[in-house]
C-alpha cells in the first residue's frame, strides 16, 4: 500500500525523535575505551555502539536505492539476528542516487530503526544531502540508464513524480542531513562512509560537531584509488578538487588517536580489496550492484556484499570470511 505524504512525514519525525533521544552531550570521549556507555549514543555526528557479549555487527554498504539488496541481507539472517537481540546493524550511507525504488529503501531503513532503535544505526554518505538541481554526473547516469532501458532518479524529481509534495522531500532531506557520519563500537571498530580525515586528528572527541572533518569522511579517497578511472568522466580520474587522499600513515595514525583497531568504509566502488599497506585494518563494503535492477546502472561488475564482525571481542584484523557475498533470491 502506497504511504501518504502525511504517513512519510510522521515516520521521519519519529525516527528523528529516536535519534534526538540518543544525543548525549559530553558522551563521546577522546578515545573509544573511555566512553563506557551501555547504550547506543550520539553526539555531534559521532555515534557509539556498545560491545555486547555474544553479539555481531552487520555492516551494510552503499545501496543507492537498491532495496532488493537490503531485503536479501535481512533475509540472509540479519533480520532474525536483530529480532533475537544477537546483532546490531550499521548502514554506511549513500541511500539515494538510485532507481525508482529509492523511496521504498528509505522507508524500510526507517522501519528498521524504529523496530530496533538501539541496534540499528544509519550513517550518512556523500550523496545523502539536500539537492536542488542534478549535476553533470547525475545527468550522465540518467542518460546511461535510459540507454539500457533503466532509470536513475534525481531524488527531488522522484519524490514529485510519485505524487508527493515539497514537504515530503523536505522531511527526507532533514532526515538524511541529520544522520551521523562516523560510528565507533565498544570493541574498537570504526565506521564511516569514505575514510578518516587526511588532516591530523588527536582524539575522537575532536570530530564532534566538526562539519568540515565529517564532510571529508564522507568524500575522501585512499591513495591507492587515485588511478581508478571514473566511468562517468575518465579524463578526470576519480577525484574532485575538494577530495583528499588518505595515505596509510594518516590512516593508522587516526586509528591510534581514537583507540580504534579496524576501519570499515563503503564509497570506494573500484576498490573492494585494499592493499597490504593498510595491514588488514581497512575493509570496504558495497552492497548494491551485480544483477540488481534497483541501483545505479553500469555497476554489474560489482559483487555486492555485506560484513559480519564480532561485537563481543576485539577485532584486530579484517579477514575475507568477515565479508559475505550477497545471495539474491527475491
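No value in this document is a laboratory result; all are computed from the given coordinates. Note that the coordinates shown come from a computational prediction; the quantities given were computed from them, not determined experimentally. Methodologically, a virtual Cβ is constructed for each residue, glycine included, from the backbone with ideal geometry; neighbour enumeration extends over all protein chains shown.
Quick notes on this one:
- Global form of region 149-222, assessed from the alpha-carbon gyration tensor, a/c cut-off 1.5: prolate
- Restricting the calculation to Cα atoms, region 10-94 shows an Rg/Rh of 0.99 when the hydrodynamic-style radius is the Kirkwood one.
- Fluctuation leader among 135, 186, 125 - the chain, Gaussian network, Cα springs under 10 angstrom: 135
- Each Cα pair of region 3-147 feeds into the Kirkwood radius, which the Stokes-Einstein equation turns, at 25 °C and 0.890 mPa s, into a diffusion coefficient of 146 µm²/s.
- In terms of its alpha-carbon gyration tensor, the chain comes out rounded; the largest-to-smallest axis ratio a/c stays below the 1.5 threshold.
- Gaussian network model of the chain, Cα within-10 Å springs - most flexible of 201, 262, 182: 201
- Taking the chain and dividing mean pair separation by its residue count, relative contact order in percent (alpha carbons under 8 Å, at least six apart): 25 percent
- Sorted by Cβ neighbour density within 10 Å, fewest at the top, the residues 185, 102: 102, 185
- DSSP bridge orientation in the chain - percent antiparallel, rounded to nearest 5: 40 percent
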